[in-house]
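A.B. asks: I am attaching a structure below and will ask some questions about it afterwards.
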There are 2 protein chains.
Amino acid sequence: MSRTLTTTDPRTGTRTDTGIEPTPDDAVDAIVERAVGALEQLEQHPRTWRADLLDALAASLDERRDVLVDTAAAETGLSAVRLNGELTRTTYQLRLFADAVREGGFLEAAIDHAGETPMGPQPDVRRMLVPIGPVAVFGSSNFPFAFSVPGGDTASALAAGNPVIVKAHSAHPLTSRASYEALRVGAERAGAPQGTLGIVYGQAAGSRLVGHPGVAAVGFTGSLGAATHLRAVIDERERPIPFYGELQSVNPLIVAEEALRVRGEAIATGLAGSVTGSAGQLCTKPGVAFVPAGAGADVFAAQVVAAMKDAAPGVLLNDRVLSSFRAAEKELSEAPAVESLLGSAEDLGGEGLAVEARVLRVHAAQLTPAHTVEAFGPLVLLVDYDDTAQLLGALEAVPDSLTATLHVEDDDLPTVAGILPQIAATAGRIVFNGYPTGVRVSWAQHHGGPWPATNSFHTSVGITAIRRFLRPLAWQSAPESLLPDELRDGYRGVPRRVDGVLEVAQA
Amino acid sequence: MSRTLTTTDPRTGTRTDTGIEPTPDDAVDAIVERAVGALEQLEQHPRTWRADLLDALAASLDERRDVLVDTAAAETGLSAVRLNGELTRTTYQLRLFADAVREGGFLEAAIDHAGETPMGPQPDVRRMLVPIGPVAVFGSSNFPFAFSVPGGDTASALAAGNPVIVKAHSAHPLTSRASYEALRVGAERAGAPQGTLGIVYGQAAGSRLVGHPGVAAVGFTGSLGAATHLRAVIDERERPIPFYGELQSVNPLIVAEEALRVRGEAIATGLAGSVTGSAGQLCTKPGVAFVPAGAGADVFAAQVVAAMKDAAPGVLLNDRVLSSFRAAEKELSEAPAVESLLGSAEDLGGEGLAVEARVLRVHAAQLTPAHTVEAFGPLVLLVDYDDTAQLLGALEAVPDSLTATLHVEDDDLPTVAGILPQIAATAGRIVFNGYPTGVRVSWAQHHGGPWPATNSFHTSVGITAIRRFLRPLAWQSAPESLLPDELRDGYRGVPRRVDGVLEVAQA
């Protein structure tokens, strides 16, 4: 029996041997130890060098675009258009983090000078954020670039100044290896110390990695089940470490009355596109859509069905995603009072891992947690609601999510204002008159949500993702020569809070 | 058998019945439910009202200063001078958080306008931090004000906009009740909603509290043992919540060669004062002091002993602290190669919980983790080191701490610069030419450290303590009327990052 990793083309079901051996324990240990060694050397590089490193990684990925996209297409079944877009997003993200590193606000530099205070004479105290140490990164199957080897966790951990060790995803080992190679070459060109980047293969190596005393944090995007396994390994550690997990999300979408009346068809079409894009395998896919009951809801449902029927059959990422989707689909379609409007629980039986889109429907009065399990694939449950009170009650059956979406017109605003606090309490991002898929990568973005969407306040999208891999350090009465540049009195290259007053950087 | 709580005067050992009943489960549940209700109402109050609330709490505490200090003195054995200073610090801290709430930088408001980007057209995204919900606060025995009912956890959770439920400390129930009453009156004057503040009594009530689904986070200052108990209860919750614990700290202090030569006696006296202040019951007490071996070290040791012999016997806080201190003292004095310079492992046998100061000594070559257990009381271990390499090796036997202290002169700086990265990796605050006790309450302060000092990056001192009780929320394409004031285009009252550029507030 071969011990090497295999990979499967979901478009055809063809399984091939990658020739990649799972990383043995002693090799994992050596990789972590090199990362620990790299940390000290990274600290001696100026902040601007780190920004250049991120740019070099982006450039190296761009240079290998064709082979990366081809490799990922064969391992994920995602289209070349989608994968090209994802790779562009990934390199854009690396460069955005480079900008943020140059800007320096993420350091949260603060200086309180010595002096008389209402508490008497007080010493000089200065504070900024410093790297925490090697970060282990576990990517997801559905974003082979943006949430995998070269994704947001890797970018933000490197931006913070930490070495990164990625665990190659079992569903796209060749893409992981090719992405890692691109990063390695980029890091070499930038003159990064040995051990700045590392990769391990195989589930046992992943467990070894998160249990290693040299690892300081874990970034994870994936299923609650895999997270629970890693969490158990982390709980066995002598020294606890943060585990940032993006886990699951149902993403309710609510159509208000006037919005349905004015532009119901456009919303139905947009919803269908958001549910079927990437075969519904997006953490922000809207899984449950609430629509005002009545004739308008019937029309809306027919429009969603028509639009989703027209969508090409989706190819799921791998066997595990397929069996999870089948299980969720079965559970949902057999839940009380559910009506099936499109598709059936039967397998298509075609080539590879193709599935047809599914539309289910239930009335809000019947909604229970059994109706709101996450179905990772092209499925949406339409929920008819009679009034706002019933809507609010039904929303309690929806697990807290990464996003909540509202379609509203001006006339709906008074009603929506009343329920917004309750909705905001259950999500990390509130989307108005749009769709939650297609997460903008930008300074103000936040990708996270209350449990079980994520197990921490932040995940890997948006500039504050960097903060997860930093810790505060305070210097009291330090001689100037021992202070980091950014905390010296004369330095003005980063925003700082001086004696309580925020000062912007000066060129 | 009475079920009411008792309290003991550590100065005399006299135990009295407080008449306070432990809070039954259904009352705990009702208190949490009121807090959940208060959250929504608090969200409707403007930010400036919250600042006024914190000021009102401070004023109400100040008004009751005499009775609070007397009550705390009788329950803790701490001096009136120390307790008055602590109460001043506590009200100062409330007012500092009020200033921070008015200033608004803690919201981290950010706006990315819609527009063309390298990723194509992108929607408007705005983000700021919002309250997470009711916070449970567990204070410590050694700071009956500053780290108890009206302390930093309470102040920062309220500053964030959350209701707070405190668990009264079993060693100072009357002080807890009197402090809570002061807060309650202040909150009432400020017009705070019912349920903004709550208090529970007894260990079972504390467990019930942290297990309640309505509680969103826990702030804790105390022993690793008590933290482990609460952690286990939290781990049983369906929905995990953050647990911010300040746990233990040994706080190494290092004297460099030239510093010893130039001002050894002053350092010895300062160290003795820092070790014996508040009978050594401070989380930042320097527990291990490294001194260059040789004749200078002998003189230094004699000076420390002389200064500590002169200190009045310390009265420990309670039986539990006494027995822990005795156990640690015994373990340390019986550790290999330890020499006892002052005091003995015998009990003084005097009134109440008085103990004498202890000075132990060992050579760095002999130092092991058995020599560096935390002794919460007036004890210091002097460690002679031959050279920098030996010092670094010996420091590995010291658990990571809240602080590390260095006494250096200019001639020492080149050597210290070489070892600073290793020292910085083991502490949250590096103190130069001072003592770690007496934590400045200010914007730049940080009170936390790598495990086992704390189990998270932040604790309750310094303005960023507020962030622990906030979560990010993003609004995408939101109608202006549904945005919080701070995220509307025309608003300029708080610092904001707009399209990536940091802008200070305008008056």
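The values are calculated or read from the model by the stated rules, or taken from the named source; none is laboratory data. The shown structure was predicted, so the numbers you read here are calculated from the model rather than taken from an experiment. Please note: Cβ atoms are built from the backbone with ideal geometry, for glycine as well, and neighbour counts cover all protein chains shown.
A.B. asks: Quick one: B:Arg263 ticks every box in (1) under 23 Å from the mean Cα position of the chain (by Cα); (2) modelled with pLDDT of 95 or more; (3) surrounded by fewer than 23 Cβ atoms within 10 Å (Cβ to Cβ) except a single one, so which number is it?
C.D. replies: All conditions pass for B:Arg263, except number (1).
A.B. asks: Going through region B:21-60 one residue at a time, which ones are in a loop (DSSP other than H, G, I, E, B), surrounded by fewer than 22 Cβ atoms within 10 Å (Cβ to Cβ) and touching a strand residue (DSSP E or B) at 6+ places or on another chain (Cβ under 9 Å)?
C.D. replies: Once the filter is applied, which keeps residues that are in a loop (DSSP other than H, G, I, E, B), surrounded by fewer than 22 Cβ atoms within 10 Å (Cβ to Cβ) and touching a strand residue (DSSP E or B) at 6+ places or on another chain (Cβ under 9 Å), region B:21-60 yields only B:Pro22.
A.B. asks: With region B:183-263 as the region, which strands (runs of 3 or more DSSP E) entirely inside it contain at least 2 residues that are out of contact with any His (no Cβ under 7 Å at 6 or more places or on another chain) and under 17 Å from B:Ile31 (Cα atoms)?
C.D. replies: In region B:183-263, B:197-200, B:217-221 are the strands (runs of 3 or more DSSP E) which contain 2 or more residues that are out of contact with any His (no Cβ under 7 Å at 6 or more places or on another chain) and under 17 Å from B:Ile31 (Cα atoms).
A.B. asks: Do the conditions hold for B:Thr48, that is, is it more than 14 Å from chain A (Cβ to nearest Cβ), β-branched (Val, Ile, Thr) and in contact with a helix residue (DSSP H, G or I) (Cβ under 7 Å, 6 or more places away or on another chain)?
C.D. replies: yes
A.B. asks: Run B:Thr464 past the list (1) surrounded by fewer than 20 Cβ atoms within 10 Å (Cβ to Cβ); (2) modelled with pLDDT under 95; (3) not in a loop (DSSP other than H, G, I, E, B) and report the number of the one that doesn't hold.
C.D. replies: Condition (1) is where B:Thr464 drops out.
A.B. asks: Just to be sure before I move on: is A:Ala266 within 14 Å of chain B (Cβ to nearest Cβ) and among the small types (Gly, Ala, Ser) in the structure I sent?
C.D. replies: No; evaluated as a whole, the condition is false for this residue.
A.B. asks: Inside region B:446-459, can you point out the residues that are more than 9 Å from chain A (Cβ to nearest Cβ) and in contact with a His (Cβ under 7 Å, 6 or more places away or on another chain)?
C.D. replies: Within region B:446-459, just B:Thr459 meets the criteria.
A.B. asks: So how many residues does region A:117-158 have that are in a strand (DSSP E or B) and either hydrophobic (A, V, I, L, M, F, W, C) or modelled with pLDDT under 95 (or both)?
C.D. replies: 10
A.B. asks: Let me ask something additional. In region B:407-422, which residues are out of contact with any strand residue (DSSP E or B) (no Cβ under 8 Å at 6 or more places or on another chain), facing chain A (nearest Cβ under 9 Å) and among the β-branched types (Val, Ile, Thr)?
C.D. replies: Of everything in region B:407-422, nothing turns out to be out of contact with any strand residue (DSSP E or B) (no Cβ under 8 Å at 6 or more places or on another chain), facing chain A (nearest Cβ under 9 Å) and among the β-branched types (Val, Ile, Thr).
A.B. asks: Residues in region B:85-105: is at least one free of Cβ contacts under 8 Å to residues at least 40 places away in the same chain and closer than 30 Å to A:Gln93 by Cα?
C.D. replies: No - not one qualifying residue is present in region B:85-105.
A.B. asks: I would also like to ask the following. Has region B:106-126 got any residue that is closer than 21 Å to B:Ala187 by Cα, touching a Leu at 6+ places or on another chain (Cβ under 7 Å) and within 14 Å of chain A (Cβ to nearest Cβ)?
C.D. replies: No, there is no match, as no residue in region B:106-126 is closer than 21 Å to B:Ala187 by Cα, touching a Leu at 6+ places or on another chain (Cβ under 7 Å) and within 14 Å of chain A (Cβ to nearest Cβ).
A.B. asks: Taking B:Thr71, is it modelled with pLDDT of 95 or more, assigned to a helix (DSSP H, G or I), under 29 Å from B:Gly377 (Cα atoms) and touching a Leu at 6+ places or on another chain (Cβ under 6 Å)?
C.D. replies: yes
A.B. asks: Out of (1) over 29 Å from B:Ala417 (Cα atoms); (2) among the hydrophobic types (A, V, I, L, M, F, W, C); (3) more than 30 Å from the chain's Cα centre (by Cα); (4) surrounded by fewer than 15 Cβ atoms within 10 Å (Cβ to Cβ), what's the single condition that is false for B:Ala295?
C.D. replies: For B:Ala295, the failing item is (1).
A.B. asks: Out of the residues in region B:1-20 that are of a type in the set (Val, Ile, Thr) and surrounded by 15 or more Cβ atoms within 10 Å (Cβ to Cβ), state the one that is farthest from B:Tyr201 (Cα to Cα).
C.D. replies: B:Thr8
Here's the yes/no breakdown for (1) in contact with a helix residue (DSSP H, G or I) (Cβ under 6 Å, 6 or more places away or on another chain); (2) of a type outside the set (Gly, Ala, Ser):
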residue	(1), (2)
A:Glu21	no, yes
A:Ala27	no, no
A:Ala30	no, no
A:Val36	no, yes
A:Ala59	no, no
A:Asp66	no, yes
A:Gly77	no, no
A:Glu86	no, yes
A:Thr91	yes, yes
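A.B. asks: So which residues in region B:469-485 are more than 9 Å from chain A (Cβ to nearest Cβ) and either within 26 Å of A:Pro121 (Cβ to Cβ) or surrounded by 23 or more Cβ atoms within 10 Å (Cβ to Cβ) (or both), if there are any at all?
C.D. replies: B:Phe469
A.B. asks: From the residues in region A:436-445 that are within 7 Å of another protein chain (Cβ to nearest Cβ) and in contact with a helix residue (DSSP H, G or I) (Cβ under 7 Å, 6 or more places away or on another chain), which one is nearest to A:Asp153 (Cα to Cα)?
C.D. replies: A:Val441
A.B. asks: Quick one: is B:Pro131 at the interface with chain A (Cβ under 10 Å from one of its Cβ atoms), surrounded by fewer than 19 Cβ atoms within 10 Å (Cβ to Cβ) and either in contact with a Gly (Cβ under 9 Å, 6 or more places away or on another chain) or of a type outside the set (Gly, Ala, Ser) (or both)?
C.D. replies: Against the criterion (at the interface with chain A (Cβ under 10 Å from one of its Cβ atoms), surrounded by fewer than 19 Cβ atoms within 10 Å (Cβ to Cβ) and either in contact with a Gly (Cβ under 9 Å, 6 or more places away or on another chain) or of a type outside the set (Gly, Ala, Ser) (or both)), B:Pro131 does not qualify.
A.B. asks: Give the number of residues within region B:446-461 that are surrounded by fewer than 24 Cβ atoms within 10 Å (Cβ to Cβ) and without any contact (Cβ under 8 Å) to a residue 40 or more places away in the chain.
C.D. replies: Residues flagged as surrounded by fewer than 24 Cβ atoms within 10 Å (Cβ to Cβ) and without any contact (Cβ under 8 Å) to a residue 40 or more places away in the chain within region B:446-461 amount to 1.
A.B. asks: How about region B:358-435: which strands (runs of 3 or more DSSP E) wholly inside it have at least 3 residues that are surrounded by fewer than 19 Cβ atoms within 10 Å (Cβ to Cβ)?
C.D. replies: Passing ranges: none, list empty.
A.B. asks: Answer yes or no as to whether B:Leu322 is touching a residue at least 60 places away in the same chain (Cβ under 8 Å), closer than 29 Å to B:Ala73 by Cβ and of a type in the set (A, V, I, L, M).
C.D. replies: No.
A.B. asks: Give region A:486-507 a look and list any residue that's free of Cβ contacts under 8 Å to residues at least 12 places away in the same chain and either within 8 Å of chain B (Cβ to nearest Cβ) or outside any strand (DSSP E or B) (or both), or say none.
C.D. replies: Selection gives A:Arg488, A:Gly490, A:Tyr491, A:Leu502, A:Glu503, A:Val504, A:Ala507.
A.B. asks: Considering only residues that are surrounded by 16 or more Cβ atoms within 10 Å (Cβ to Cβ) and charged (D, E, K, R), look in region B:219-258 and name the one that is farthest from the other protein chains (Cβ to nearest Cβ).
C.D. replies: If we take residues in region B:219-258 being surrounded by 16 or more Cβ atoms within 10 Å (Cβ to Cβ) and charged (D, E, K, R), then B:Glu257 is farthest from the other protein chains (Cβ to nearest Cβ).
A.B. asks: When you check A:Ala268 against the structure, is it modelled with pLDDT of 95 or more, of a type in the set (Gly, Ala, Ser), buried (at least 22 other Cβ atoms within 10 Å of the Cβ) and in a helix (DSSP H, G or I), yes or no?
C.D. replies: Yes, satisfied.
A.B. asks: Going through region B:191-218 one residue at a time, which ones are closer than 29 Å to B:Thr48 by Cα and loosely packed, with under 15 Cβ neighbours inside 10 Å?
C.D. replies: B:Gly191, B:Gln194
A.B. asks: Sticking with this one: Evaluate region B:271-289: report whether one residue or more is surrounded by 22 or more Cβ atoms within 10 Å (Cβ to Cβ), farther than 30 Å from B:Gly151 by Cβ and either more than 20 Å from the chain's Cα centre (by Cα) or at pLDDT 95 or above (or both).
C.D. replies: no
A.B. asks: Kindly evaluate A:Ala110 against the criterion of being buried (at least 17 other Cβ atoms within 10 Å of the Cβ) and in a strand (DSSP E or B).
C.D. replies: Yes, satisfied.
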